[in-house]
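The values are calculated or read from the model by the stated rules, or taken from the named source; none is laboratory data. Everything numeric here is computed off the predicted structure, so don't read it as measured data. Quick reminder, even Gly has a Cβ in these numbers, built from the backbone with ideal geometry, and neighbours come from all protein chains shown. With ligands, DNA and RNA removed, areas are computed over all heavy atoms of the protein, side chains included. Shrake-Rupley method; radii C 1.70, N 1.55, O 1.52, S 1.80 Å.
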Amino acid sequence: MRPRPILIIDDDHRTCERATDFLQGTEFNILGVSDGPTAFETARALQPAVILLNMIAPGLDSIDTCKHLKQDPILGDIPVVGITASLDLPFIAEAFRAGAEFFLPKPFGAENLLHMVKLAADTAHRLARVPIHQRLPRFPIQIPIRYRVGEEPHPTREVAGQAGNVSLTGLLLLLPENLAPGTVFRLWLGLPGCALPVDGAVVWQNPQPVAGGRFRHGIHLVRFANDFEIVQYQAFAGRVAAGRVPGTPS
């Protein structure tokens, strides 16, 4: 099988070399560029399965590059994975609004990189093959969640809510307040046996409350802390889809 191309945009050649070494012998092939204009030319010629973009690179306006990639009629459907060492949620929110669908913590290991690339590539491939109204199927389940509003060292508060359904890359959350679209926040999912932390972003919200005075929010999962948590969530979503988790239809 022909390797699937992956484009990495980073002005630090060591990152590209590290990613190439990590993906050696897998189904993916890495090609690196160091600036935005070259990235557009290369992406149009290569049509990569995934674009990895260093979001904090001294010689690269990554936010602007991401915006132009997602607005391009040829490249806009290619998933962008932002590489970042920043734990600053406002920055992650800005990158998410620019179009990055996933985030990879830096420094990253081989398994973490491979899992994130596969998640982005396989999700994009699956979505391209189904009608728009059938994309991102969600499966009903009720699990407790809690989320943190605000960032240290500023005052923060933790709020409890509930998930109403899950998919591979997102959730429907029922929250006691309205969070604006584009808001990125840390949440903990009450999976069986653990509280799984993940950064989520609000894609949409309904201003009309449902029973219990809660508000519906569509959440995109943008960043896991490590490869183990990615696999853990993927396995959980798969069990929910198969009806093998209590609280799901069988």
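Details
- Under a 5 Å amide H cut-off, with hydrogens placed 1.01 Å from N, Q205 pairs with G218 among residues at least 5 apart or on other chains.
- Length-normalised contact order of the chain in % [C-alpha pairs under 8 Å, at least 6 apart]: 14
- With 0.36 nm allotted per residue and the present C-alpha distance subtracted, the K67-C194 stretch has 42.1 nm of extension available.
- Given their separation in residues at 0.36 nm each and the Cα-Cα distance between them, A180 and S86 gain 31.6 nm when the chain is fully extended.
- Bridgeable lysines around K106 (alpha carbons under 21 Å apart, same-chain partners fewer than 8 residues away excluded): K118.
- The chain: angle of helix 89-98 to the longest principal axis, Cα-based, in degrees nearest 10: 70
- Degrees between helix 110-128 axis and first principal axis of the chain (Cα, 0 to 90, nearest 10): 80
- GNM top mover of L60, L69, L52 - the chain, alpha-carbon springs below 10 Å: L60
- Across the protein chains, with a 1.4 Å probe defining accessible surface, the residues I30, I9 rank I30, I9 from largest area downward.
- Relative to the dominant Cα principal axis of the chain, helix 62-71 is inclined by about 80°.
- Partner aspartates and glutamates for K67 [C-alpha distance under 17 Å; skip if fewer than 8 residues away on the same chain]: D10, D35, E41, D77, E94, E101
- Counting Lys and Arg as +1 and Asp and Glu as -1 over every other residue whose Cβ lies under 15 Å from the Cβ of R14, the net charge comes to -3.
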